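**Student:** Before I ask anything, here is the structure I am working with.
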Amino acid sequence: MRIVLLGAPGSGKGTQAKLLVEKYKVPQVSTGDLLRAAVEGHTPLGQQAKAAMEAGHLVGDDIVLGIIRERLSEPDAVNGFILDGFPRNIPQAEMLDTILNEMGMPIEGAVLIDVELDNLIQRLTGRRTCASCGQMFNIFTSPPRMDDRCDKCGGELRHRADDNEETIGNRLRIYEAQTAPLVAYFRKQDKLHTISGEGEIDAIFARLGETLKQVGQHRMEQQRQQNDDISVAAQKIAAMISTDDTPSSEESATVETPTDSAAPEQSKKAVAKKTAAKKAPAKKAPVKKAPVKKAPAKKAPVKKAPAKKAPAKKAPAKKAPVKKAPAKKAPVKKAPVKKAPAKKAPVKKAPAKKAPVKKAPA
């Protein structure tokens with residue numbers, strides 16, 4: 001259960017929140033209480049809040065939201081929480097939604113406790129709060145058994161300084177200008193539930209309990225709808241994947257036969273593009289092989305070299321003169337290919353030079 005309690009000052013939000021805490025064992029998150037605890041605990045955010053209050057400024061929303069985030073990160077908030085007194089305006093509500101969505105703890109419902117203006121003034125002027133346990137009473141509608149003493153713990157009952165008609169009038173005007181638009185905000189999200197705040201506290205709490213059951217049922221219906229939507233989306237994606245896999249072969253061309261619709265014509269164009277893309281590499285292949293065929297043509301002069309070695313085979317025993325032949329071949333490598341015919345003439349004179357070589361043994 002993750003809810004926001006809405007209502008004008010004196011509507012009974014705080015009283016109902018305490019009853020919900022006792023029944024559902026979830027924490028009540030009141031920004032006023034959190035700020036006081038943070039200041040007294042000397043936390044980093046508490047020190048920032050204290051500096052703002054001492055300077056006479058309102059505590060910034062970033063500080064308040066930071067404190068709320070820290071509080072909701074504690075183990076007792078895993079099963080839910082009750083936000084009382086926050087958010088107070090649309091910007092705060094939007095920032096709160098962002099933080100809670102990041103934490104995976106979105107608001108499930110907003111309950112508006114509706115009370116007429118005259119009753120609100122009576123409640124606020126007659127309100128008394130226990131200084132020890134925070135229990136609230138009203139000298140007009142739910143007075144304590146003993147004047148100025150708490151029925152629950154015997155603590156002292158106090159009348160808040162701002163519970164006077166002038167201050168109350170200002171607070172109600174601020175509520176109408178800033179906080180009331182939250183009703184439309186949560187209604188747009190389909191999270192708003194309204195109950196009457198008139199009558200005895202127990203009767204109001206009974207109505208609140210029934211409303212929370214509706215919040216739970218509504219949340220379950222939304223979850224089922226989301227699961228159904230996810231399932232349908234998954235089926236559509238699977239169908240799209242299966243249809244994308246089939247048109248990869250020639251069989252796809254037979255499957256996508258002409259029909260009365262325009263979609264097959266588009267699919268034909270797609271298949272034609274795919275086939276053209278597949279044929280394109282086939283046309284490029286010969287182009288790559290063409291230089292390979294020319295390479296042997298360049299090696300042809302190299303194959304003529306064995307013809308020069310033919311005379312060397314006639315005198316296998318005389319390898320010494322053969323060693324001199326490579327020295328003569330060196331200029332052949334440096335010479336241009338065009339001068340190759342001119343070099344064949346000295347090859348014919350080579351036998352004439354070998355005659356004196358034969359006299360050497362004599």
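The values are calculated or read from the model by the stated rules, or taken from the named source; none is laboratory data. Everything numeric here is computed off the predicted structure, so don't read it as measured data. Positions of Cβ are backbone-derived with ideal geometry, glycine not excepted, and every protein chain shown enters the neighbour counts. Remember, those area values only see protein heavy atoms, side chains included, never the ligands or the DNA or RNA. Shrake-Rupley method; radii C 1.70, N 1.55, O 1.52, S 1.80 Å.
**Student:** Can you compute the charge dipole magnitude of the range 20-178 about its Cα centre, using +1 on each Lys and Arg Cβ and -1 on each Asp and Glu Cβ, nothing else charged? Give it in debye, rounded to the nearest 20.
**Tutor:** Working: 17 positive and 26 negative charges, 93 e Å.
About 440 debye.
**Student:** Next question. Under a 5 Å amide H to amide H cut-off, with H placed in plane at 1.01 Å, what residues pair with residue 112 once short-range neighbours are removed?
**Tutor:** The list, which skips near neighbours in sequence, is 6, 193, 194, 195.
**Student:** Let me see the P(r) profile for the range 1-73: every Cα-Cα distance counted, bins of 5 Å, each bin given as a percent of all pairs.
**Tutor:** Spelled out bin by bin, the range 1-73 gives 3, 14, 24, 21, 17, 15, 5, 1, 0 percent.
**Student:** Considering the convex hull of the alpha carbon atoms of the range 72-178, report its projected area averaged over all viewing directions, in nm², one decimal.
**Tutor:** Quarter of the Cα hull surface area: 8.7 nm².
**Student:** Suppose R0 equals 22 Å. What FRET efficiency, 1/(1 + (r/R0)^6) with r the Cβ-Cβ distance, do residue 188 and residue 233 give to the nearest 0.05?
**Tutor:** Efficiency at R0 = 22 Å is approximately 0.35.
**Student:** Using the Cα centre of the range 58-104 as the reference point, and only Cβ charges (+1 on K/R, -1 on D/E), how large is the resulting charge dipole? Debye, rounded to the nearest 20. List each step's numbers first, then the result.
**Tutor:** Values: 3 positive and 9 negative charges, 16 e Å.
It works out to roughly 80 debye.
**Student:** Which FRET efficiency value, to the nearest 0.05, do you get for residue 160 and residue 225 by plugging their Cβ-Cβ distance into 1/(1 + (r/R0)^6) with R0 = 51 Å?
**Tutor:** That pair, residue 160 with residue 225, gives E of 0.70.
**Student:** Can I ask one more? Extending each Cα 7 Å along its Cβ direction at residue 210 and residue 43, get the distance between those two points in nm, one decimal.
**Tutor:** Result: 3.8 nm between the two label points.
**Student:** Here is a follow-up. Using a 1.4 angstrom probe on the protein heavy atoms only, could you order 185, 24 from most to least accessible area?
**Tutor:** So, going from the largest accessible area down, we get 24, 185.
**Student:** While we're looking at this one, here's another question. On a 29 Å Cα-Cα criterion, which of the cross-link pairs 188/213; 18/50; 18/213; 152/188; 213/236; 50/152 come out too long?
**Tutor:** On the way: 188/213 20 Å; 18/50 26 Å; 18/213 18 Å; 152/188 41 Å; 213/236 35 Å; 50/152 32 Å.
Where the Cα-Cα span goes over 29 Å, the pairs concerned are 152/188; 213/236; 50/152.
**Student:** I would also like to ask the following. Work out the charge dipole of the range 134-237 with +1 on the Cβ of Lys and Arg and -1 on the Cβ of Asp and Glu about the Cα centre, then indicate which of 204, 194, 174 is farthest towards its positive end.
**Tutor:** Selected residue: 194.
**Student:** Skipping prolines and chain starts, which residues have an amide H placed within reach, meaning under 5 Å, of the one on residue 128, given they are 5 or more residues away or on another chain?
**Tutor:** When sequence neighbours closer than 5 places are left aside, the close amide H contacts are 137, 138, 139.
**Student:** Okay, next question. Expressed as cubic angstrom per residue, what is the convex hull volume of the alpha carbon set of the range 12-152?
**Tutor:** 147
**Student:** Continuing with this model, one more query. Among 31, 15, 44, whose Cα lies farthest out toward the positive end of the dipole of the range 1-44, if unit charges sit on the beta carbon of Lys, Arg (+1) and Asp, Glu (-1)?
**Tutor:** Final value for the positive-end residue is 15.
**Student:** Can you work out the PRE-style zone for residue 76? Point 7 Å along Cα to Cβ, and I want the residues of the range 2-34 with backbone N under 18 Å.
**Tutor:** 2-3, 14-34
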